[in-house]
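First up is the structure itself, then whatever we jot down about it.
The values are calculated or read from the model by the stated rules, or taken from the named source; none is laboratory data. Computed from a predicted model, the values in this text were never measured in an experiment. Heads up, the Cβs are rebuilt from the backbone with ideal geometry, glycines too, and the neighbour counts pull from every protein chain shown.
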Amino acid sequence: MPESTAFELDYLSPLPDNKDMRIGCIGAGFIMADCHLVAYRDASFNPVAITSRSKQRAQEAADRHGIAKVYDHYSELLADDSIEVIDVAVPPDNQFGVIAEAVKQPHIKGILAQKPLGVDYAKAAEIVRLCQEAGITLAVNQNMRFDHSIRACKDLLNRGVLGEPVLGTIDMRAIPHWMDWQERQGWVTLRIMSIHHLDSFRYLFGDPERVFASVRKDPRTSKRFDHDDGICLYILEYENGFRASSWDDVWAGPANEGAAKDIGIRWRVEGTDGMARGTIGWPEYPEPTPSTLDYTTTQQPGVWHQPRWSEVWFPDAFRGPMADLLIALENNTSPQLSGEDNLKTMALVDACYLSVKEHRAVDIAEVG
């Protein structure tokens, strides 16, 4: 097998032929202003309007990214019949109200919703139902699927380079910047960070049968607000014997309190014919740090292939979910990140919470 390069691996998200569909942006926080809109401009997408709770913040994002229209309220933006696609980047407890109003607008063809899709599985299912009944295509911004190392690993699996998957792991030691709205939810990790890993496991390996999760509070964040799901450990069991596990450590030791730091996200996939390992560059943001992939196979004993690329998860991979939606709209197909598919990720997250509460392995079918 010849050595693969980054350009031979399918590590970039495909782009739609029609990049002119008019996008209305609801929210002007970090994710929208520093990730979505940066990636959209690089991909030549067409954001034409923006709104936020803060008119000043919306105006700043519009000025920065060349967006012509700034609305005082999302209702005004939704009423603009020139807009075809809505990008909703608001806290999950505000998401339902925005989407419930959006589906009443006949000119809206597609919605990209931020993850998590609502506050739990039940609310996510209601959002999916509303969009289905309105004939609106819903996609969910599970953008880690479009991290370049994750996509490249999926390509190796699809080609059979690694053989039959045996074990997949993620080891996250990182200190995220928590949002103010998390305090009113009492969430720290499972619905914010772990949801990325759980969805990526589904993307790479399919749907597990059950999960066992264990959590403890993050000592640092406990000083700010009460929560349960700080440091999260979980194991996914698959019918064919495959196992996946993640250690989502948002404490990462007293690194902010004076100790030396050991920060990073590392993943590993072991198969019967090969092994892949990688890193996720996000913890170094805003320093542009591409994720990495190394892999080895039994066909070339002792050799590590190390394709590399210049693109980074934040913000480059954020073109992927919107591209996924736009391609679905132009081809009249379902997006890879459809609301229906995302219900399985939301069910997996809720199964983790149930596992923690009842101290047992939980079949995903118990949730949804």
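Tabulated data for the structure shown
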{"item": "Only one of SER200, SER222, SER246, SER214 that is within 24 Å of VAL119 (Cβ to Cβ), among the polar types (S, T, N, Q), without any contact (Cβ under 8 Å) to a residue 24 or more places away in the chain and not assigned by TED's automatic domain parsing to the domain that holds PRO92", "result": "SER222"}
{"item": "Count of residues meeting criterion [buried (at least 19 other Cβ atoms within 10 Å of the Cβ) and of a type in the set (Gly, Ala, Ser)] in segment 131-143", "result": "1"}
{"item": "Selection within segment 28-83 - acidic (Asp, Glu) and not in a helix (DSSP H, G or I)", "result": "ASP72, ASP80, ASP81"}
{"item": "Residue within segment 290-308 that is in the same structural domain as GLU164 (by TED's automatic domain parsing), more than 21 Å from GLY168 (Cα to Cα) and assigned to a helix (DSSP H, G or I) present", "result": "no"}
{"item": "From ASP262, ASP324, ASP350, residue being surrounded by fewer than 21 Cβ atoms within 10 Å (Cβ to Cβ) and acidic (Asp, Glu)", "result": "ASP262"}
{"item": "Helices (runs of 4 or more DSSP H) fully within segment 144-225 counting 3 or more residues that are surrounded by 16 or more Cβ atoms within 10 Å (Cβ to Cβ)", "result": "148-159, 195-205"}
{"item": "Identity of the residue in segment 294-316, of a type in the set (D, E, K, R) and farther than 16 Å from GLY271 by Cβ, that ends up surrounded by the fewest Cβ atoms within 10 Å (Cβ to Cβ)", "result": "ARG308"}
{"item": "Filter result for the condition that a residue is at pLDDT 95 or above and buried (at least 18 other Cβ atoms within 10 Å of the Cβ), over ARG319, ARG268", "result": "ARG319"}
{"item": "From ILE99, ILE111, ILE67, residue being assigned by TED's automatic domain parsing to the domain that holds ASP34, closer than 20 Å to GLY320 by Cβ and within 26 Å of the chain's Cα centre (by Cα)", "result": "ILE111"}
{"item": "Condition check for GLY163: modelled with pLDDT of 95 or more, of a type in the set (Gly, Ala, Ser) and more than 18 Å from the chain's Cα centre (by Cα)", "result": "yes"}
{"item": "Breaking point among (1) of a type outside the set (Lys, Arg); (2) in contact with an Asp or Glu (Cβ under 7 Å, 6 or more places away or on another chain); (3) not in a helix (DSSP H, G or I), for VAL128", "result": "(3)"}
{"item": "Selection status of TYR234, of a type outside the set (A, V, I, L, M), in a strand (DSSP E or B) and closer than 23 Å to ALA351 by Cα", "result": "yes"}
{"item": "VAL128 vs. criteria of a type in the set (A, V, I, L, M, F, W, C), over 22 Å from SER291 (Cβ atoms), modelled with pLDDT of 95 or more and surrounded by fewer than 18 Cβ atoms within 10 Å (Cβ to Cβ)", "result": "no"}
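For every residue, the table says whether it meets (1) hydroxyl-bearing (Ser, Thr, Tyr); (2) closer than 26 Å to ALA125 by Cα; (3) modelled with pLDDT of 95 or more; (4) surrounded by fewer than 18 Cβ atoms within 10 Å (Cβ to Cβ).
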residue: GLN59; (1), (2), (3), (4): no, no, yes, yes
residue: ALA62; (1), (2), (3), (4): no, no, yes, no
residue: TYR71; (1), (2), (3), (4): yes, no, yes, no
residue: SER75; (1), (2), (3), (4): yes, yes, yes, yes
residue: PRO92; (1), (2), (3), (4): no, yes, yes, no
residue: VAL98; (1), (2), (3), (4): no, yes, yes, no
residue: HIS107; (1), (2), (3), (4): no, yes, yes, yes
